[in-house]
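Just so it is clear, none of the values below were taken in a lab; they were calculated from the coordinates. Keep in mind the model is a prediction, meaning the values are calculated, not measured. Virtual Cβ from ideal backbone geometry, glycine too; neighbours counted across all protein chains shown.
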Amino acid sequence: MPSIRVSVRFFAQHREQVGASEREFDLPPGATVRELLERMRDTESGRVLPDRPTVAVNLEYAPLDRALESGDEVALIPNVAGG
Amino acid sequence: MTGDGVIRVGVSSRPLAPDEILDSVTSEGDGAVLLFTGTVRNHNRDRPVVTLTYEAYRDMAEAELERIASEALERFDVSRVAAVHRTGSLQPGEASVAIAIAAPHRDACYEASRYMIEELKGRLPIWKRETYADGSSRWLGGERPPELEAESHPGPDA
């Protein structure tokens, strides 16, 4: 079964801790954001994940049960501090 | 008024021009125009701040700012909304955000402006790092964006 590939973007303290602004992950078709985060926890990028991460998919906040598609841009959003 | 509102938003590394942002919403049909600017403070809890560096997830910040502006147009009797957030390294006194609202009457301007700044602070994917006089720096704690419920409505592909 072909897998899907998504990119994950990191910002601010997450970007500094990962040492990269973006990583790619291969997942089984139909994988959710939650499954992506579980996959990430097995990699060195996973150490920046908080217990309850906030995530955006394709420029919009998304729930953990959101199903991903190949080419989706996922972003790990640290607590925000605009203004 | 809903439906014919005008929105102009942006996230930019260039210095903000609040008077231009104010002009961009002004029209003869509105009796009230309100400008809010947030500026960099030279201290945080008694610690002198020399630089505030803003990092943005720019594409999403612009999309979220547009969503917030649309909400303001729906909720309040306002006709034009403009909001711009700055990124990069700012000195104390520089404007980091500007919000301009035009409406037929003043009450809606104040309400919409307050709504925009509070939502923006809690939702825009923007982060700031303070640098102090001794050269040390740190990312500010910030706010946790609103919790999303599990998707109960059909998504675009459902």
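Would you check if B:GLY142 is more than 9 Å from every other protein chain (Cβ to nearest Cβ) and on the phi > 0 side of the Ramachandran plot? Against the criterion (more than 9 Å from every other protein chain (Cβ to nearest Cβ) and on the phi > 0 side of the Ramachandran plot), B:GLY142 does not qualify.
Restricting attention to the stretch B:37-53, the residues that are among the basic types (Lys, Arg) and more than 27 Å from B:TYR110 (Cβ to Cβ) add up to 2. The conditions of being part of a loop (DSSP other than H, G, I, E, B) and acidic (Asp, Glu) are met by B:ASP30. Filter the stretch B:41-55 for residues that are within 14 Å of chain A (Cβ to nearest Cβ) and either in contact with a helix residue (DSSP H, G or I) (Cβ under 9 Å, 6 or more places away or on another chain) or surrounded by fewer than 17 Cβ atoms within 10 Å (Cβ to Cβ) (or both) and give the result. Correct list: B:ARG41, B:ASN44, B:THR53, B:GLU55. Scan the stretch B:33-63 for residues that are among the aliphatic types (A, V, I, L, M), farther than 20 Å from B:TRP139 by Cβ and either free of Cβ contacts under 8 Å to residues at least 24 places away in the same chain or not in a strand (DSSP E or B) (or both) and the total you get is 1. Here B:GLY38, B:GLY31, B:GLY88, B:GLY122 are screened, and the one residue that is of a type outside the set (S, T, N, Q), within 14 Å of chain A (Cβ to nearest Cβ) and in contact with a Pro (Cβ under 7 Å, 6 or more places away or on another chain) is B:GLY122. Counting only strands (runs of 3 or more DSSP E) wholly contained in chain A, the ones carrying 3 or more residues that are within 14 Å of chain B (Cβ to nearest Cβ) occupy A:4-9, A:55-57, A:60-62, A:73-76.
Being under 13 Å from the mean Cα position of the chain (by Cα) and either surrounded by fewer than 19 Cβ atoms within 10 Å (Cβ to Cβ) or more than 21 Å from A:TYR61 (Cα to Cα) (or both) narrows it down to one residue among B:SER79, B:SER12, B:SER89, B:SER27; which is it?
On the way: B:SER79 fails: under 13 Å from the mean Cα position of the chain (by Cα); B:SER89 fails: under 13 Å from the mean Cα position of the chain (by Cα); B:SER27 fails: under 13 Å from the mean Cα position of the chain (by Cα).
Only one candidate passes the filter, namely B:SER12.
Restricting attention to the stretch A:12-21, does a residue exist that is of a type outside the set (S, T, N, Q), touching a residue at least 60 places away in the same chain (Cβ under 8 Å) and within 20 Å of B:ASP59 (Cα to Cα)? Checked the stretch A:12-21: at least one residue is of a type outside the set (S, T, N, Q), touching a residue at least 60 places away in the same chain (Cβ under 8 Å) and within 20 Å of B:ASP59 (Cα to Cα).
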